[in-house]
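The values are calculated or read from the model by the stated rules, or taken from the named source; none is laboratory data. Please read these numbers as outputs of a predicted model, since none were measured by experiment. Positions of Cβ are generated from backbone atoms using ideal geometry, with glycine treated the same way; all protein chains shown enter the neighbour counts. In case anyone asks, the SASA skips ligands and DNA or RNA and just uses the protein heavy atoms, side chains included. Shrake-Rupley method; radii C 1.70, N 1.55, O 1.52, S 1.80 Å.
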Amino acid sequence: MSQEDIQSLITSAEDAMQRAVAPYSKFRVGASLLTGEGKIYSGCNIENPSLMLSICAERVALVKALSEGHTGFKAMALVSSDGRYCFPCGSCRQILHEFAPGLILYLKSEGGVRKYDIGELLPYPFEKE
Ligand code: THU
């Protein structure tokens, strides 16, 4: 991906982060997912007073894209409000691995951007087949 494309994905994640509903943790997360056709779906974390019902930004972006019929995801950008690298939680790693094997993740902190692939973040995923 070009630097420009990476930057647009990050900007989209930053915009989504502004829409986070995080009154409990006060930790806002934004995620943007690039589809095979070059479309971007973004998501933010959405918390609920019944805390276990809260949803991570990554899964919001992923289910939005899946429900619109997209597959073959290329990359995801992730940002958070504390300025540090926001590594996806274990549940998000598992679901991203399932629906987007080979996904490249760009994590942005105040210190810069780091690139990972999902296989590196989840080396031994649960796989049914
Ligand atoms: N969160 C995410 O949205 N993505 C992550 O990768 C880690 C955590 C959310 C869940 C919750 O709303 C808040 O950040 C942390 O309590």
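Accessible area ranking (1.4 Å probe, heavy atoms, ligands and nucleic acids excluded), largest first, for Phe126, Phe27: Phe126, Phe27.
Projecting the Cα positions of Ser54, Leu105, Met76 onto the charge dipole of the chain (unit charges on Cβ atoms of Lys, Arg, Asp and Glu, taken about the Cα centre) puts Ser54 furthest along the positive direction.
For the chain, the Stokes-Einstein estimate of translational diffusion at 37 °C and a viscosity of 0.692 mPa s comes to 227 µm²/s, using the Kirkwood hydrodynamic radius over alpha-carbon pairs.
Computed on the Cα atoms alone, the convex hull of the range 13-56 gives a volume of 60 cubic angstrom per residue.
Taking Cβ atoms as reference points and 14 Å as the exclusive limit, the residues near Pro125 contribute a net charge of -3, counting Lys and Arg as +1 and Asp and Glu as -1.
Per residue, the accessible area of the chain comes to 56 Å² when a 1.4 Å probe rolls over the protein heavy atoms. A helix-only calculation puts the chain at -9000 deg cm²/dmol for mean residue ellipticity at 222 nm, using -39500 (n - 2.57) for each DSSP H run of at least four residues, averaged over all residues. For Asp117, the residues 5 or more places off, or on other chains, whose built amide H falls under 5 Å of its own are Leu105. Near Lys26: Cβ cut-off under 13 Å, other residues only, Lys/Arg at +1 and Asp/Glu at -1. The net charge is -1.
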